[in-house]
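A.B. asks: Once you've had a glance at the structure underneath, I'll fire off some questions.
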Amino acid sequence: MAEGAPPVPADPVAGLVDIPLPPPVSLWPQTWPARIVIVLLITGLIAAAWILIRQWHANRYRREALVALDRITHGAPTQCDARLATELALLVRRTALAAFPRERIAALAGPAWLAFLDRSYGGGGFSCGPGRVLDAAPYQPTPPNAQDSSALTDLVRRWIKTHHV
């Protein structure tokens with residue numbers, strides 16, 4: 001080193017001053033209306049989830065009835081099997097007993113039963129269509145033909161899916 005030269009500091013970074021950092025940004029909204037909207041959205045989501053779960057549980061009997069209907073229709077060797085109409089009649093009765101108050105359903109028979117089925121799904125297929133077979137199916141010695149059996153199965157499936165409780 002030459003004489004008269006200024007001394008070189010040992011650490012050139014030692015004399016620097018740190019820049020102050022800004023405070024961290026909050027993820028929580030800063031305004032009250034935004035906070036209220038978030039609370040309302042969360043409350044709405046919880047309420048919607050609660051309603052959907054209740055509906056899913058309340059419609060369990062429908063899912064079970066549709067599984068039983070598939071078992072009945074696929075378990076029969078032919079569509080015009082004599083047991084098909086009887087099993088469909090029993091399935092509709094059990095489904096109605098699961099969905100509606102027992103006091104209202106258990107005593108219904110004949111045309112009153114068919115009229116109730118029509119009212120509950122908003123159609124006329126039981127009183128005036130292929131559903132008439134359900135009234136006398138357990139007591140009828142002759143099975144319905146294949147076309148009537150297919151229409152009856154479709155009507156029962158539609159009733160299970162769409163009846164109003």
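A.B. asks: How about segment 107-131: which of its residues are surrounded by 14 or more Cβ atoms within 10 Å (Cβ to Cβ), in a helix (DSSP H, G or I) and small (G, A, S)?
C.D. replies: Hits for segment 107-131 are A115, S120, G131.
A.B. asks: With the requirement that a residue be among the small types (G, A, S) and closer than 19 Å to N59 by Cα, what does segment 86-138 give you? Even if it seems obvious, please write down each step before you answer.
C.D. replies: Initially, segment 86-138 is screened for residues among the small types (G, A, S), giving 89, 96, 98-99, 106-107, 109-110, 112, 115, 120, 122-125, 127, 129, 131, 136-137.
A96, A98, A99, S120, G122 - these are the residues of segment 86-138 that are among the small types (G, A, S) and closer than 19 Å to N59 by Cα.
A.B. asks: Answer with yes or no whether R104 is surrounded by fewer than 17 Cβ atoms within 10 Å (Cβ to Cβ), basic (K, R) and in contact with a helix residue (DSSP H, G or I) (Cβ under 9 Å, 6 or more places away or on another chain). Even if it seems obvious, please write down each step before you answer.
C.D. replies: Working: surrounded by fewer than 17 Cβ atoms within 10 Å (Cβ to Cβ): yes; basic (K, R): yes; in contact with a helix residue (DSSP H, G or I) (Cβ under 9 Å, 6 or more places away or on another chain): yes.
Yes.
A.B. asks: Residue pairs, Cβ under 6 Å, 6 or more apart or interchain, first in segment 98-121 and of a type in the set (S, T, N, Q), second surrounded by 11 or more Cβ atoms within 10 Å (Cβ to Cβ) and assigned to a helix (DSSP H, G or I). List them.
C.D. replies: That search, which allows pairs on different chains as well, returns nothing.
A.B. asks: I'd like the full set of residues that are at pLDDT 90 or above and outside any helix (DSSP H, G or I), limited to segment 86-106.
C.D. replies: F100, P101
A.B. asks: Restricting attention to segment 28-49, does a residue exist that is among the aromatic types (F, W, Y), in a helix (DSSP H, G or I) and within 22 Å of the chain's Cα centre (by Cα)?
C.D. replies: Filtering segment 28-49 for residues among the aromatic types (F, W, Y) gives 28, 32.
Cutting the leftovers down to in a helix (DSSP H, G or I) gives us 32.
Remaining after also requiring within 22 Å of the chain's Cα centre (by Cα): none.
No: segment 28-49 contains no residue that is among the aromatic types (F, W, Y), in a helix (DSSP H, G or I) and within 22 Å of the chain's Cα centre (by Cα).
The values are calculated or read from the model by the stated rules, or taken from the named source; none is laboratory data. Computed from a predicted model, the values in this text were never measured in an experiment. Here Cβ is always computed from backbone atoms with ideal geometry, including for glycine, and neighbour counts include all displayed protein chains.
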